Amino acid sequence: MGEIAVDQLTEAQAQAELERLAAEIARHDLAYHGKDRPEISDADYDALRRRNDAIEARFPHLRREDSPSLRVGFEASEGFAKVAHRVPMLSLGNAFSDEDVADFVQRGRRYFERDANPDLSFTAEPKIDGLSASLRYENGVFVQGATRGDGEVGEDITANLMTVRDIPHKLSGSGWPVVIEIRGEVYMTHEDFRKLNEQSAASGGQIYVNPRNTAAGSLRNLNPEVTASRNLKFFAYAWGFTSAQFADTQFEAVQKFGEWGFKINPLMLRTESIDKMLEHYRDIEGQRATLGYDIDGVVYKLNSLALQQRWGFVARAPRWAIAHKFPAEQATTILEAIDIQVGRTGALTPVARLKPVTVGGVVVTNATLHNEDEIKRKDIRVGDTVVVQRAGDVIPQIVKVIPEHRPTSSEPFDFPTQCPACGSEAVREVNEKTGKLDAVRRCTGDLICPAQAVEQLKHFVSRNALDIDGLGDKQMAAFYADGRVMRPADIFTLAARDARSEAPLSSEEGWGEQSVAKLFAAIEARRKPELDRLIFGLGIRHVGETTGAVFARTFGTFEAFEQVAAAAGHGDVEAMEQILAIDGIGETVARSVAAFFANERNKQAVDDLLSEIEPETYVVASAEDSKVAGKTIVFTGTLEKLSRAEAKAMAERLGAKVSGSVSANTDILVAGPGAGSKLKKAQDLGVEVIDEDAWLELAGA
Ligand code: IVH
């Protein structure tokens with residue numbers, strides 16, 4: 001595609017890329033959901049989203065209001081009904097400097113200059129970095145909650161919002177209009193975010209990137225129990241439709257929300273003075289690190305509701321309010337060392353070890369250096385004084401070096417050409433497509449490299465691969481370090497060896513009889529892994545989940561896959577062609593698979609593993625043995641026994657096509673609780689509608 005690697009993008013390029021990606025992803029979302037006519041493969045779609053996320057992680061301040069990351073993937077959104085906002089949910093204009101704020105206030109003063117004595121006071125309050133929601137109360141009772149969506153139409157997430165404790169089911173006090181839509185921000189505290197990651201890591205689960213994305217995912221989860229477990233919080237700060245006027249000023253309105261039972265932000269100030277507004281901004285910025293939740297600026301709003309109404313709106317934002325954004329937090333420190341980490345596929349990643357420094361209240365000791373070229377480009381050297389930047393909850397970055405402070409003895413950093421973990425040669429390959437040198441240098445030691453081996457083991461047991469309960473990154477690293485598990489096969493002989501061992505696992509710190517028994521049972525339970533998970537779990541370069549599934553579906557058994565791949569690896573042209581003929585497999589993958597099996601050590605490791613496990617045969621149903629082969633199926637509503645992904649995979653395994661929307665071509669609609677428009681459409685079209693249990697029966701599960 002001629003794309004620039006994320007870590008090479010300049011800020012301007014990143015901004016342009018984010019704009020392009022937002023438009024492109026939105027277009028594919030529409031093609032997929034709206035028209036049921038996807039134009040690209042799921043894998044390509046995922047790649048677009050991943051690129052968007054990666055750019056946002058590197059440039060958090062460039063995140064767009066319409067960013068795809070603020071909308072969770074299609075799987076989650078399929079389950080929610082749409083809600084048209086009676087009063088649109090707006091965004092805010094930005095101010096980046098004191099002058100911008102002064103201009104804003106002056107604009108107001110000019111706008112109302114003919115008024116005798118206008119109340120030109122403003123409120124100033126933190127801008128919470130979460131997700132906005134609109135909560136409809138009728139007769140004081142919470143009846144419907146929705147996401148912002150595109151501002152005009154959001155999604156009905158009432159059940160999920162019901163689980164948020166800061167949101168009252170009934171309003172207290174008095175004076176509330178018969179109908180009122182309260183608006184505010186759902187967010188996650190740093191403490192809850194940390195705990196969630198800790199729990200997730202302990203069970204080998206995913207690592208959540210930042211509180212805001214996690215809150216978004218939690219709020220749009222199809223299972224309200226998941227939302228409930230995340231302990232989300234809510235601040236009320238605005239409103240949409242109201243059946244009656246209930247206040248004269250912004251300040252008074254928000255105080256009323258407090259009386260009615262909402263949490264309101266304590267840092268709200270009211271003033272007429274620009275200086276006081278800016279002083280409050282700095283005050284809040286100073287408290288930022290200790291607030292316990294993410295904020296990304298201060299919002300100023302004209303206090304008088306009557307004047308707000310007269311001042312009005314421009315495009316999608318009110319004229320009477322503005323968001324004064326915080327700059328990315330920076331600090332200066334010394335770069336003490338550059339360490340090289342080795343990843344699962346051998347990528348050598350440089351990490352800056354810094355003299356500890358507080359950046360926006362958080363002590364920073366490491367920063368990412370991306371890659372060799374980045375170090376060269378910025379001429380970063382050990383001993384340098386560097387400016388470090390932290391924005392949001394992402395890994396800190398080195399912005400620049402301060403050359404005046406460079407020690408005279410300093411020398412350019414010599415990026416190693418040998419793997420620091422195993423000593424093998426580390427090379428930069430030429431990208432076949434672009435003809436350019438890869439940004440990444442890789443260790444060629446493969447399985448003899450201990451660093452790759454540990455990362456590979458972690459991958460093997462990870463959630464989307466073998467998914468062994470209780471065997472996460474931490475345990476795997478410890479088992480490797482003490483020699484209990486050196487290769488995947490060892491996992492399955494662990495229990496037997498442990499029974500004979502003089503130092504059984506249960507005598508290790510952190511383990512007891514029970515937890516060991518549980519772990520061994522979890523391992524036992526995975527002796528017959530699904531073929532697609534196994535192929536993915538082998539960690540062959542360029543073979544992700546989707547590709548793993550393609551191979552599983554194509555070959556059906558591990559033996560068949562291995563035989564063809566190994567033959568290709570030994571130069572069998574026909575075998576290579578057979579792989580290349582598979583829909584969705586290109587040259588890069590084909591070569592990588594062949595190379596993997598051509599390597600004797602890999603082959604040995606796989607053989608040893610296969611003597612311990614019995615991979616399942618991937619059943620590709622034919623018309624005779626599956627009742628749903630060739631049919632088009634749509635899932636809607638909440639499924640209680642299966643995840644959406646699982647139901648979809650199940651249907652596809654049985655030879656059915658899964659579609660996102662109902663049309664005359666739909667054969668079966670599987671409808672769970674909460675099914676809405678799709679159910680109605682299916683009924684109108686006379687499509688067969690069944691529930692989840694009937695589906696399980698039909699699928700023979
Ligand atoms: S007022 C009509 N106040 O910022 C104005 N928004 O950039 C409506 N936000 O979508 C918004 N904290 O999600 C307002 N104290 C605050 C806020 C706030 C966070 C978010 C909100 C909105 C976005 C606009």
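The values are calculated or read from the model by the stated rules, or taken from the named source; none is laboratory data. Not measured: the values here are computed from a predicted model. Positions of Cβ are generated from backbone atoms using ideal geometry, with glycine treated the same way; all protein chains shown enter the neighbour counts. These accessible areas exclude ligands, DNA and RNA; they are computed on the full protein's heavy atoms, side chains included. Shrake-Rupley method; radii C 1.70, N 1.55, O 1.52, S 1.80 Å.
Rounded if a/c is under 1.5, else prolate if a/b beats b/c, else oblate: with a ≥ b ≥ c from the C-alpha gyration tensor eigenvalues square-rooted, which is segment 636-680?
Here segment 636-680 falls in the oblate category.
If packing is taken as the average count of other Cβ atoms within 10 Å, what order do 292-299, 313-320, 543-550, 659-666 fall into, highest mean first?
By packing density, highest mean first, the sequence is 292-299, 543-550, 659-666, 313-320.
Between rounded, prolate and oblate, where does segment 311-357 land on the alpha carbon gyration tensor, with a ≥ b ≥ c its root eigenvalues, rounded for a/c under 1.5, else prolate if a/b exceeds b/c?
Verdict is oblate for segment 311-357.
Could you give log10 I(q)/I(0) at q = 0.11 Å⁻¹ for the chain, computed by the Debye formula over C-alpha point scatterers of equal weight, without solvent?
After summing over all Cα pairs, the log10 values are -1.36.
Multiply the residue separation of Ala629 and Asp667 by 0.36 nm, subtract the distance between their alpha-carbon atoms, and state the gained length in nm to one decimal.
The span from Ala629 to Asp667 would gain 12.6 nm if fully extended.
Mind ranking 51-62, 513-524 by how tightly packed they are, going by the mean number of other C-beta atoms within 10 angstrom, highest first?
The most tightly packed comes first, giving 51-62, 513-524.
What number comes out for accessible area per residue over the chain if the probe is 1.4 Å? Units Å², please.
On a per-residue basis, 47 Å².
So what does log10 I(q)/I(0) come out to for segment 549-657 at q = 0.13, 0.20 Å⁻¹, using the Debye formula with one equal point on every Cα and no solvent?
So the normalised log intensities are -0.63, -1.05.
How far is it, in nm, from the label point at Thr271 to the one at Ser410 when both lie 7 Å from their Cα along the line to the Cβ?
Taking the simple label geometry, Thr271 and Ser410 are separated by 4.0 nm.
Work out the FRET efficiency for Leu685 and Ile395 from their Cβ-Cβ distance, taking R0 = 41 Å, and round it to the nearest 0.05.
Working: r = 50 Å, r/R0 = 1.23.
Taking R0 as 41 Å, the efficiency between Leu685 and Ile395 is 0.25.
Cα-based Rg (one decimal) and Dmax (whole number) for segment 199-275, in Å?
18.0, 53
Subtract the Cα-Cα distance of Ala477 and Asn117 from 0.36 nm times their separation in residues, and report this length gain in nm to one decimal.
Stretched fully, the Ala477-Asn117 segment lengthens by 122.6 nm.
Compute the length gained on full extension between Lys263 and Asn223: take 0.36 nm times their separation in residues and subtract their Cα-Cα distance, giving the result in nm to one decimal.
Here the segment from Lys263 to Asn223 would lengthen by 11.9 nm.
How many nm separate the modelled label positions at Glu577 and Ser203, each set 7 Å beyond the Cα in the direction of the Cβ?
The modelled label-to-label distance comes out at 5.0 nm.
How much of the accessible area of segment 496-605, in percent, comes from carbon and sulfur atoms when a 1.4 Å probe is used?
Summing carbon and sulfur atoms, their accessible area is 49 percent of the total for segment 496-605.
About the Cα centre of the chain, what is the dipole size in debye to 20, counting +1 per Lys and Arg Cβ and -1 per Asp and Glu Cβ, all else neutral?
It works out to roughly 1680 debye.
Using a 1.4 Å probe on the protein heavy atoms, what percent of the accessible area of segment 89-247 belongs to carbon and sulfur?
Heavy-atom surface of segment 89-247 belonging to carbon and sulfur, 1.4 Å probe: 49 percent.
Assuming R0 = 56 Å, can you tell me the calculated FRET efficiency for the pair Arg500 and Thr358, based on Cβ-Cβ distance, to the nearest 0.05?
E between Arg500 and Thr358, to the nearest 0.05, is 0.60.
Under 5 Å between amide H atoms, partner at least 5 residues away or on a different chain: which partners does Thr249 have, H built in plane at 1.01 Å?
Hits under the 5 Å cutoff: Leu305.
Near the amide H of Lys400, under 5 Å away, which other amide H atoms are found, from residues 5 or more places off or on another chain, if H is placed in the peptide plane?
Amide H to amide H, under 5 Å and 5 or more residues apart or across chains, Lys400 pairs with Val387.
Measure off 7 Å from each Cα along the Cα-to-Cβ vector at Glu425 and Glu138, then give the distance between these two points in nanometres to one decimal.
7.4 nm
What are the principal axis extents of the Cα atoms in segment 627-701, in Å, biggest first?
Result for segment 627-701: principal-axis Cα extents of 29, 25, 18 Å.
For an R0 of 51 angstrom, estimate the FRET efficiency from the Cβ-Cβ distance between Glu252 and Thr10 and round to the nearest 0.05.
That gives a FRET efficiency of 0.65.
Using a Debye calculation, one point per C-alpha and no hydration shell, please list log10 I(q)/I(0) for segment 326-405 at q = 0.11, 0.13, 0.15, 0.20 Å⁻¹ in order.
The Cα Debye sum returns log10 ratios of -0.27, -0.37, -0.49, -0.84.
Tell me the mean residue ellipticity at 222 nm calculated for the chain from its helices only (DSSP H runs of n ≥ 4, each -39500 (n - 2.57), averaged over every residue, nearest 500).
Rounded to the nearest 500, the figure is -11000 deg cm²/dmol.
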